[in-house]
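The values are calculated or read from the model by the stated rules, or taken from the named source; none is laboratory data. Note that this is a predicted model, so its numbers are computed, not measured. Ideal geometry is used to build each Cβ from the backbone, glycine not excepted, and the neighbour counts take in all protein chains shown. Each accessible area value is taken on the protein alone, full model and side chains, heavy atoms only, with ligands, DNA and RNA left out. Shrake-Rupley method; radii C 1.70, N 1.55, O 1.52, S 1.80 Å.
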Amino acid sequence: MMSNLVLMPILIPAFGAVFLLLFPRKVMIQRTIAVITSIVLILANIYLVYYIYQHGILVVTLGNWPAPFGISIVGDMLAILLVTTTSLILLSVLLYSFYSIGKPREKFLYYPAVLFLIVGVNGSFLTGDIFNLFVFFEVMLMASYVLLVLGGTKVQLKATVKYLLINVVGSAFLVMSIALLYSMVGTLNMADISQKIATIDGGNTGMITVVAVLFLFVFGLKAGIFPLYFWLPGSYYAPPIPVLALFGGLLTKVGVYALIRVYTLFFYNETDFALPLLSTLALITIVLGVIGAISYNDMKTIMIYNILIAVGVILFSVSLMTREAMTGAIFYLIHDMLIKGTLFLTIGIIIAITGYSSIQKFSGLMSVKPSLGWTFFIGALGLAGIPPLSGFIGKLLIIEGSFGAKHYVGGIVVLISSLFVLLSMIKIFSKGFWGEKKGTFKLDIPYRKMMFPVLLLLVISVGYGIFSEAMYPLIDKAVDPLVDPSIYIQAVLGE
């Protein structure tokens, strides 16, 4: 019976979204139900973290069919930590939306779309069935289409067309990849696929490499890895800030998680081609992300290119397939979700005050809002990985893991990228907050109410770094099934 608890991160936002559809024009009811749903979700996830730490992986197979025949939902520590982080970002974005998204959008199913997006994200993290990963991806993408187009501005519509076309192509290739894999192993259960792949030998081993590259293409497209990131800067720039915070903090991370899961379960032996390819593409992604981040003067664009840098850092670490590098990747993944959400919301407040996203249009903001300046500064240091903030711990483990695996070039690239990340953020801080006051500042916004969710995420992020020693046992438990797939297999199949 306790195993059914693992369904809560999917069912709570699903029921909340369906209930909200009954009150499409009642803004206050929508706000209240959405926030209550997010708080209940956080509490359920925290309990799941505690339960899984004490008792191990939770698995429920729907319809009482035994695995691998039934659809499995698997709550290992990695998945539960990610859905917990997602729920914290959700609450902050919802509170921020009250004062920034605008009532016209709120009246057109904004909150149900956000909760359906969370259903897709959490389902993607928790599914133990490769086809249902596709299903939850589609739930997430359909909600994201609504959020991207909501408001109907010309920029949004143009970005939505590009985003829609790219994801339709990605979804088609995902189905093709799953079909090809199924034709070889005859199962969709991820634990069972791992077992079956391990027994394949002879001529079919080459086809496993082909499937590994296809999955890299599909999930790399969604994560934004080189050369598949071309759609991301334009599409992510268009939506309002709360939606951008959700996209930047969550959507690319689902693609990253999918790559982590399939490569650690299915393709951990692909050391001749697939893993070196992942490593190379990840490092190129870091370099191009750095070039983009330091080249622009637009705050949103700088942050979007910093998303690419983080994706590259995490996936490079995953490609090493060592325990230390994997620990760094998971630690850094959770950190990046929190800090990206914090910084996107902070930039939203800056834009609300100044009216501009470009730091060439204003300066001297520190003279009127010093608390905003120092909030941004702390977030920037966390993003760059300055100790003792959370970015430092993950980057340190990744660099140590790369040096331990004798991948010195990768470790140096990750290290140098931190300096350029700091440079890109300090550029915003120095040009936008310091200097002579330039531009017209709108100070009648609900500043304190907008700052509350920002500070909530910032405090959690800072605490995640300062109390990293307390978090380490949870991260360590999350890494166990990644470096030893038999733990995941035994939990799901009972073998």
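Structural remarks
- Output for the range 142-169, where each listed residue is more than 15 Å from Ala238 (Cβ to Cβ) and either without any contact (Cβ under 8 Å) to a residue 24 or more places away in the chain or surrounded by fewer than 21 Cβ atoms within 10 Å (Cβ to Cβ) (or both): Met142, Val168, Val169
Here's the yes/no breakdown for (1) open to solvent by 60 Å² or more (accessible area, probe 1.4 Å); (2) closer than 23 Å to Ile489 by Cβ; (3) polar (S, T, N, Q); (4) within 21 Å of the chain's Cα centre (by Cα):
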{"position": "Pro9", "(1), (2), (3), (4)": "no, yes, no, yes"}
{"position": "Phe15", "(1), (2), (3), (4)": "yes, no, no, no"}
{"position": "Val18", "(1), (2), (3), (4)": "yes, no, no, no"}
{"position": "Thr32", "(1), (2), (3), (4)": "yes, no, yes, no"}
{"position": "Ser38", "(1), (2), (3), (4)": "no, no, yes, yes"}
{"position": "Ile42", "(1), (2), (3), (4)": "no, no, no, yes"}
{"position": "Val49", "(1), (2), (3), (4)": "no, yes, no, yes"}
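- Restricting attention to the range 188-207, the residues that are surrounded by 20 or more Cβ atoms within 10 Å (Cβ to Cβ), more than 26 Å from the chain's Cα centre (by Cα) and of a type in the set (Val, Ile, Thr) add up to 1.
- Which listed residue is surrounded by fewer than 22 Cβ atoms within 10 Å (Cβ to Cβ), of a type outside the set (Lys, Arg) and not in a loop (DSSP other than H, G, I, E, B), from Phe137, Phe131, Phe116: Phe131
- Among the residues making up the range 96-111, those that are over 16 Å from Leu22 (Cα atoms) and in a helix (DSSP H, G or I) are Tyr96, Ser97, Lys103, Pro104, Arg105.
- Test: residue in the range 217-239 that is within 20 Å of Phe108 (Cα to Cα) and more than 18 Å from the chain's Cα centre (by Cα): yes
- Picking from residues in the range 408-463 that are over 24 Å from Ser358 (Cα atoms) and in contact with a Lys or Arg (Cβ under 9 Å, 6 or more places away or on another chain), the one that is surrounded by the fewest Cβ atoms within 10 Å (Cβ to Cβ) is Leu415.
- Scanning the range 345-361 for residues that are surrounded by fewer than 16 Cβ atoms within 10 Å (Cβ to Cβ) and under 23 Å from the mean Cα position of the chain (by Cα) yields nothing.
- Leu181 meets each of the listed conditions (1) within 28 Å of Thr84 (Cα to Cα); (2) crowded, with 24+ Cβ neighbours inside 10 Å apart from (1).
- From the options Tyr263, Tyr229, residue that is touching a Leu at 6+ places or on another chain (Cβ under 8 Å), at pLDDT below 85 and within 21 Å of Tyr332 (Cα to Cα): Tyr229
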